[in-house]
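Undergrad: One structure is given below, represented as structure tokens, and several questions about it will come after.
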Amino acid sequence: MATTRLYTIENVEQSPPEGEWELIDGELVLMTPAGLESSSLGLRIGRIVGNFVDAHDLGMMTGADGGYVLFPDRQTLRAPDVGFIQKDRIPPVEELSRFPRLAPDLAIEVLSPSDKMVDALSKVTMYLQAGVRIVWLIDPETMSITVFRPDAALAVLKEGDTLDGGDVLPGFSVPVAEIFE
């Protein structure tokens, strides 16, 4: 019988395992690197949102290697492709070297060809349970963005639609077509 080693948030902060991974209830889950298109799209949307965030001094952005401790009572660390924390929720300076003990306000996931939709939707569900206010799931294959909010019906946006930041990123909007250029 194989035994799975369980990790704590503190374990992985002090001595991170090699490679790309997330921590789900104490178990390391290895992450497959993104393909060129997905990685490029994640960087693009991160740059678009990040430029807006910086121009309006709204908060702090994280990239695909930025982990969040989503729940105070679970050894779970997830890393969205792009994350955003509103300015008034940024942890104190002395805590910035650790994984933030909070859910981001916005989590953006970009599907890769190797991603299974069931796994992506499971991650979205976890984000929403943790208190993420908006999740954008970007699908390069269909050139669509599915917007999830905790108390609203999901919206699927395609070319011709406009993506907005709602009350998380007030004033932010970008044509969906521009994201996929």
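The values are calculated or read from the model by the stated rules, or taken from the named source; none is laboratory data. Since the structure is predicted, the reported quantities are computational estimates derived from the model, not experimental observations. All Cβ positions, glycine included, derive from the backbone under ideal geometry; neighbour counts span all protein chains shown.
Undergrad: Within segment 69-93, which residues are closer than 23 Å to PRO170 by Cα and outside any loop (DSSP other than H, G, I, E, B)?
TA: First pass over segment 69-93, keeping only residues closer than 23 Å to PRO170 by Cα: 80-91.
Correct list: VAL82, GLY83, PHE84, ILE85, GLN86, LYS87, ASP88, ARG89.
Undergrad: For segment 27-65, how many residues meet the condition of being at pLDDT below 95, over 19 Å from ILE145 (Cα atoms) and not in a strand (DSSP E or B)?
TA: Here the count works out to 4.
Undergrad: Let me ask something additional. In this structure, does LEU58 turn out to be over 21 Å from VAL12 (Cα atoms) and either touching a strand residue (DSSP E or B) at 6+ places or on another chain (Cβ under 8 Å) or charged (D, E, K, R) (or both)? Before you say what the answer is, go through the steps one by one.
TA: On the way: over 21 Å from VAL12 (Cα atoms): yes; either touching a strand residue (DSSP E or B) at 6+ places or on another chain (Cβ under 8 Å) or charged (D, E, K, R) (or both): yes.
So LEU58 passes the test.
Undergrad: Shifting gears a bit: Given the criterion more than 19 Å from VAL49 (Cβ to Cβ), out of contact with any Pro (no Cβ under 7 Å at 6 or more places or on another chain) and not hydrophobic (A, V, I, L, M, F, W, C), identify the matching residue among ASP151, ASP139.
TA: Values: ASP139 fails: more than 19 Å from VAL49 (Cβ to Cβ).
Of ASP151, ASP139, the one residue that is more than 19 Å from VAL49 (Cβ to Cβ), out of contact with any Pro (no Cβ under 7 Å at 6 or more places or on another chain) and not hydrophobic (A, V, I, L, M, F, W, C) is ASP151.
Undergrad: With LEU43, LEU36 as the choices, which residue is surrounded by fewer than 14 Cβ atoms within 10 Å (Cβ to Cβ) and closer than 26 Å to PRO113 by Cα? So that I can check it myself, show each step before the final result.
TA: On the way: LEU43 fails: surrounded by fewer than 14 Cβ atoms within 10 Å (Cβ to Cβ).
After applying the criteria, what remains is LEU36.
Undergrad: Follow-up question, since we're still on this one. If the requirement is being within 20 Å of LEU77 (Cα to Cα) and in contact with a Pro (Cβ under 6 Å, 6 or more places away or on another chain), which of these qualifies: LEU106, LEU96, LEU128? Step through it out loud before you land on a result.
TA: Details: LEU106 fails: in contact with a Pro (Cβ under 6 Å, 6 or more places away or on another chain); LEU96 fails: in contact with a Pro (Cβ under 6 Å, 6 or more places away or on another chain).
Going through LEU106, LEU96, LEU128 in turn, just one is within 20 Å of LEU77 (Cα to Cα) and in contact with a Pro (Cβ under 6 Å, 6 or more places away or on another chain): LEU128.
Undergrad: Scan (1) in contact (Cβ under 8 Å) with a residue 40 or more places away in the chain; (2) farther than 19 Å from GLU37 by Cβ; (3) buried (at least 19 other Cβ atoms within 10 Å of the Cβ) for the single condition ALA103 breaks and write down its number.
TA: So ALA103 meets the others, but not (1).
Undergrad: Which of the residues spanning segment 123-171 are farther than 14 Å from GLY83 by Cβ, among the hydroxyl-bearing types (Ser, Thr, Tyr) and within 18 Å of the chain's Cα centre (by Cα)?
TA: Answer for segment 123-171, where residues must be farther than 14 Å from GLY83 by Cβ, among the hydroxyl-bearing types (Ser, Thr, Tyr) and within 18 Å of the chain's Cα centre (by Cα): THR125, SER144, THR146.
Undergrad: Give me a count of the residues in segment 63-100 that are buried (at least 18 other Cβ atoms within 10 Å of the Cβ) and of a type in the set (S, T, N, Q).
TA: 2
Undergrad: Could you list, in sequence order, the residues of segment 143-162 that are surrounded by fewer than 12 Cβ atoms within 10 Å (Cβ to Cβ) and out of contact with any strand residue (DSSP E or B) (no Cβ under 7 Å at 6 or more places or on another chain)?
TA: We begin by selecting, within segment 143-162, every residue surrounded by fewer than 12 Cβ atoms within 10 Å (Cβ to Cβ); these are 151-154, 160, 162.
Those that are surrounded by fewer than 12 Cβ atoms within 10 Å (Cβ to Cβ) and out of contact with any strand residue (DSSP E or B) (no Cβ under 7 Å at 6 or more places or on another chain): ASP151, ALA152, ALA153, GLY160.
Undergrad: Since VAL147 meets every condition but one in (1) of a type outside the set (D, E, K, R); (2) in contact with a Phe, Trp or Tyr (Cβ under 7 Å, 6 or more places away or on another chain); (3) in contact (Cβ under 8 Å) with a residue 24 or more places away in the chain, which condition does it not meet?
TA: With respect to (1) of a type outside the set (D, E, K, R); (2) in contact with a Phe, Trp or Tyr (Cβ under 7 Å, 6 or more places away or on another chain); (3) in contact (Cβ under 8 Å) with a residue 24 or more places away in the chain, VAL147 is out only on (3).
Undergrad: What do you reckon, is LEU23 within 25 Å of PRO113 (Cα to Cα), touching a strand residue (DSSP E or B) at 6+ places or on another chain (Cβ under 8 Å) and at pLDDT below 95? Steps first, please.
TA: Working: within 25 Å of PRO113 (Cα to Cα): yes; touching a strand residue (DSSP E or B) at 6+ places or on another chain (Cβ under 8 Å): yes; at pLDDT below 95: yes.
In short, yes.
Undergrad: May I pose another question? Let me confirm something: among PRO113, PRO33, PRO92, PRO80, which residue is of a type outside the set (S, T, N, Q) and without any contact (Cβ under 8 Å) to a residue 12 or more places away in the chain?
TA: Numbers: PRO113 fails: without any contact (Cβ under 8 Å) to a residue 12 or more places away in the chain; PRO33 fails: without any contact (Cβ under 8 Å) to a residue 12 or more places away in the chain; PRO80 fails: without any contact (Cβ under 8 Å) to a residue 12 or more places away in the chain.
Exactly one of PRO113, PRO33, PRO92, PRO80 is of a type outside the set (S, T, N, Q) and without any contact (Cβ under 8 Å) to a residue 12 or more places away in the chain, namely PRO92.
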